[in-house]
Amino acid sequence: SQGGRRLKMAEMSFGNRRSTAYRRSEEGMPSFNPVAFFQGCIASRPDTLHDKAPLVVDFPDRPSKMLAAVLPDYGSAKRFKVQMVDLPRLPMGKLKSTEVLVEVHAAGVNPTDWKQRKGTLSQIFPLTLPCILGIDFSGRVVRAGEDASFSEGDEVFGRQTLHRMTELNGSYAEYCIVDSQDIFHKPENLSHKEAAGVPHACLAAYACLARIGKLLEKRTAIDKAVFILGGSGGVGTFAVQLAKHHFGCYVIASSSSKNAELLRSLGADEVLDYEDPAFLKSMGYTKVDAIVDCVGGDDYWVAFKPSLKADGVYVTLVGSERHLANDKSIDYTLALQIQADYFMRQISNRIGAAQNYHILTGSQLQSSDLKIIASLLEEGTLKVVQEKSFSLYDIALAHELSETRHAVGKIVIEIRAEEEGRKKSEEAEKGASVGASKT
């Protein structure tokens, strides 16, 4: 059993980590973080260290240890060690007023996770090793700060931001301390496994369409159209559904031919095969309000920018190179080059030369949009597409699958699968007994 396996795991205390991490003061002002220019990254972290209180733990009603996937050093997915570690540590033994302690039931896998693991971003965003990665999660609140708008027992889903992971663990663990502004009530019609695959990817899709793509401003307009490059991935599957069912657009999406039927079932009106030799010329005279590029590459920008309407927007999650940052390390020199390229494109936007080319940055993802997303999920406007779920003990396999860049939809890690299954069984038995009593 999973419980038996836990007892056999070696216990690890983070002890003296290689880079001492202190809790930053809530007043610390964020500084520019180049990581925000890369796919899936989160906003900048504070650069001041006012609060250097010792880290202590005070959860007398919790077990002293938790199961987690620990990354001891940069490298391949096989470096993960699933073992018992100390509970999350707190300054002065209590949560900040807006923080909550979440019992994690499932965690999502994002490209940013394995870019961090490989050390791709280590030159500009070093981890404090050993560490616990993971952005997305779904679980239950077990402790809440006095100003948090959640109570013990609330089922929630949300994200752990990267800047908080310099001092607290991510979601690849049984417990995680997050800011209450980065979570929302889990839709009742979703399991934890389904909800864990939503936050980061869906927030990115919503930001691309609603704000950068200006579709919020065009809600009442007619004849809206959107083109999604890479429609079968985590962000793409949500973008197709949002564009079609929430913003009322005519949707064109690209994928391999084997995923075409899936995209049509999600709402795509046309599906283009990116493996077709004529793909770059396939848009013809079609004009769209927004192009969401989940793949990257200036060849796509050059080929498809003529398809933008006069006020259309091209937004890429990746940048000017295909799958930027997947296979090479990004140092400050490369980061500055990308930053300079980005600002030159923005200047071109102002003079009308680049027809509104944008790179999605982490700061444009707003956790407050989780409320809208939860509503759309509850009413059935959005569905969660998942490639596969894995046990925490198989986290290496989950990362390796994500790194192929061919996963359809989301990949999820089940942290408390047995508990959720037991809860469903109890609910089914209760329903059966109620039905029997009525007969």
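Only the coordinates and a few stated rules stand behind these numbers; no lab work does. Quick caveat, the model's predicted, so the values are computed rather than measured. Reconstructed Cβ throughout: ideal geometry from the backbone, glycine too, with neighbour counts over all protein chains shown.
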Checklist line | For GLY145, net neighbour charge (Lys/Arg +1, Asp/Glu -1) across residues whose Cβ lies under 10 Å away | finding: -1
Check: Structure shown: which of LYS65/LYS94; LYS115/LYS410; LYS81/LYS186 lie over 27 Å apart, alpha-carbon to alpha-carbon?
Finding: LYS81/LYS186
Check: Per-residue HN-Hα couplings for the stretch 395-403, Karplus 6.51 cos²θ - 1.76 cosθ + 1.60 at θ = phi - 60°, whole Hz, x for Gly and Pro?
Finding: 4, 4, 5, 5, 5, 4, 5, 4, 5
Check: Based on the Kirkwood radius over alpha-carbon pairs, what value in µm²/s does the Stokes-Einstein equation return for the translational diffusion coefficient of the stretch 200-331 at 10 °C and 1.306 mPa s?
Finding: 109 µm²/s
Check: Once the piece of chain linking LEU216 and GLU146 is laid out straight, how much longer is it, given 0.36 nm per residue of separation minus the C-alpha distance between them?
Finding: 21.8 nm
Item checked: Calculated FRET value between HIS406 and LEU129, using beta carbons and R₀ = 30 Å, to 0.05 -> 0.55
